[in-house]
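Peer 1: First the structure, which I've put down as structure tokens, then a few questions once you've had a look.
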DNA sequence: TCATTGTTGACTACAATGGTCAACTTCGCA
DNA sequence: TGCGAAGTTGACCATTGTAGTCAACAATGA
């Protein structure tokens, strides 16, 4: 049940964008430097966030990326889903048809409850919440 | 954030044992057949459960495995921990020393809350709860 | 037109996962 | 006391996923 660096780095990158929200286009280079992530790797992390419609990019000189919506309207559940795929700990929670045992499987109930609990946490926190906490710490 | 087959199969094996609790030693072969898990692979899944003190094994003719404690006293958090290691989605939650940013990191707060929510679900469910649900469904 | 910046995809290295096999140990029972 | 049933251990392998690099390319502003 570990998160990959995709989720960890990706969230840090978005948090960085949230902290610089309203400042226009932010070059990936700057994010990479501040968050200590390889620029090349960061490029790969940004791609799914663009696909998910969370960030918008402009290339060319003075280009960069920025958040499409205000940070207060970006739930962490969206972020994690974009970066890591479905939050379900096992696939049969999302799609019961994958396993013939689904209907009778008591284990599946647990995984289902587990996901619910996780979604609840991630649904109730926004990038803005995170940015505020971060600012308080300097 | 996916669970590996270790966690999925392992829990199914323990649930099988819970359903046959009180019947003495259960051969791995029987569990493997009922749960449709390769016997050889099941042997590997049982090992950490023995180490964690959740099951006891006896080898030789008429040997097998059984639960050390009654199913009502085995929390799923123990099970998952034995099978998958720490429940923490990122290591720095368990050991802040791993990352210099820990103290200032707002992301870490989220992972921490996420783990709390998961632990709460897994702490409040026992193998007996699961076994009861399973019996009701036939 | 040129430097800057994001985009894309190939490629590599490494580790984890899922699984098999075989030698070994232990124990019950005839 | 020895045979066979059953779990134990560890080597081994194929596949997949992860982390990361690199280079060619496209678009943009100055």
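Throughout, read-outs are computed from the coordinates displayed, never taken from laboratory work. Keep in mind the model is a prediction, meaning the values are calculated, not measured. With ideal geometry, Cβ positions are generated from the backbone for all residues, glycine too; neighbour counts draw on all protein chains shown.
Peer 1: Kindly express, to the nearest 10 degrees and within the range 0 to 90, the angle between helix A:5-19's C-alpha long axis and the longest C-alpha principal axis of chain A.
Peer 2: Here the helix axis deviates by roughly 50 degrees.
Peer 1: Mind sorting B:69, A:75 by how few other Cβ atoms lie within 10 Å of their own Cβ, fewest first?
Peer 2: Numbers: B:69 14, A:75 17.
Taking fewest neighbouring Cβ atoms as first place, the list is B:69, A:75.
Peer 1: Quick one: with label points 7 Å out along Cα→Cβ, list the inter-copy distances for residue B:135 in nm, shortest first?
Peer 2: The answer, with the shortest distance listed first, is 5.7 nm.
Peer 1: Which residue fluctuates the most in chain B, going by a Gaussian network model with Cα springs under 10 Å, if the choices are B:62, B:12, B:108?
Peer 2: B:62
Peer 1: Please report A:67, A:130 as a ranked list, fewest other C-beta atoms within 10 angstrom at the top and most at the bottom.
Peer 2: Numbers: A:67 20, A:130 25.
Ascending Cβ contact count within 10 Å gives the list A:67, A:130.
Peer 1: Nm distances between the label at residue B:101 and the same-position labels in the remaining copies, 7 Å along Cα→Cβ, shortest first?
Peer 2: Going from nearest to farthest copy, the values are 3.9 nm.
Peer 1: On to the next question. What order do you get for A:113, B:116 when you list them from fewest to most C-beta neighbours inside 10 Å?
Peer 2: B:116, A:113
Peer 1: Next up: Please report the residue of chain B with the smallest beta-carbon distance to the B-to-A rotation axis, and give that distance in Å, no decimals.
Peer 2: B:117, 2
Peer 1: Something else: Can you give me the relative contact order of chain A as a percent, contacts being Cα pairs under 8 Å and 6 or more apart? Could the numbers behind the result be given before it?
Peer 2: Values: 153 pairs, mean separation 36.8, N = 138.
Dividing the mean separation by the residue count of chain A yields 27 percent.
Peer 1: Follow-up question, since we're still on this one. How far is helix B:39-51 tilted off the main Cα axis of chain B, in degrees rounded to 10, range 0 to 90?
Peer 2: Rounded to the nearest ten degrees, it is 60.
Peer 1: Taking the label point as lying 7 angstrom from Cα along the Cα-to-Cβ axis, what are the distances from residue A:81 to the corresponding position in the remaining copies, in ascending order and in nanometres?
Peer 2: 3.2
Peer 1: Hey, another quick one. Express in whole angstrom the spacing between the alpha-carbon centres of segment A:76-138 and segment B:53-80.
Peer 2: Cα centres, segment A:76-138 to segment B:53-80: 30 Å.
Peer 1: Still on this structure, please answer the following. Return the single residue from A:86, A:124, A:77 with maximal mean-square fluctuation; model: Gaussian network over chain A, springs between Cα atoms under 10 Å.
Peer 2: A:124
Peer 1: Still on this model: When only Cα pairs under 8 Å and 6 or more residues apart are kept, what is the percent relative contact order across segment B:1-54?
Peer 2: The normalised contact order for segment B:1-54 reaches 35 percent.
Peer 1: Once you have a ≥ b ≥ c as the square roots of the Cα gyration tensor eigenvalues for segment A:1-72, tell me rounded if a/c is under 1.5, and otherwise prolate or oblate according to whether a/b is larger than b/c.
Peer 2: Numbers: a/c = 1.56, a/b = 1.31, b/c = 1.19.
It comes out prolate by the Cα gyration axes.
Peer 1: Additional query: So how far apart, in nm, are the two label points at residue B:47 and residue A:99 if each is 7 Å from Cα heading toward Cβ?
Peer 2: If labels sit at residue B:47 and residue A:99, their model points lie 2.3 nm apart.
Peer 1: Could I ask something else about it? Could you work out the pair-distance distribution P(r) of chain B from its alpha-carbon pairs, with 5 angstrom bin width and percents rounded to whole numbers?
Peer 2: Values per bin, smallest distances first: 2, 9, 18, 20, 17, 12, 8, 6, 4, 2, 1, 0.
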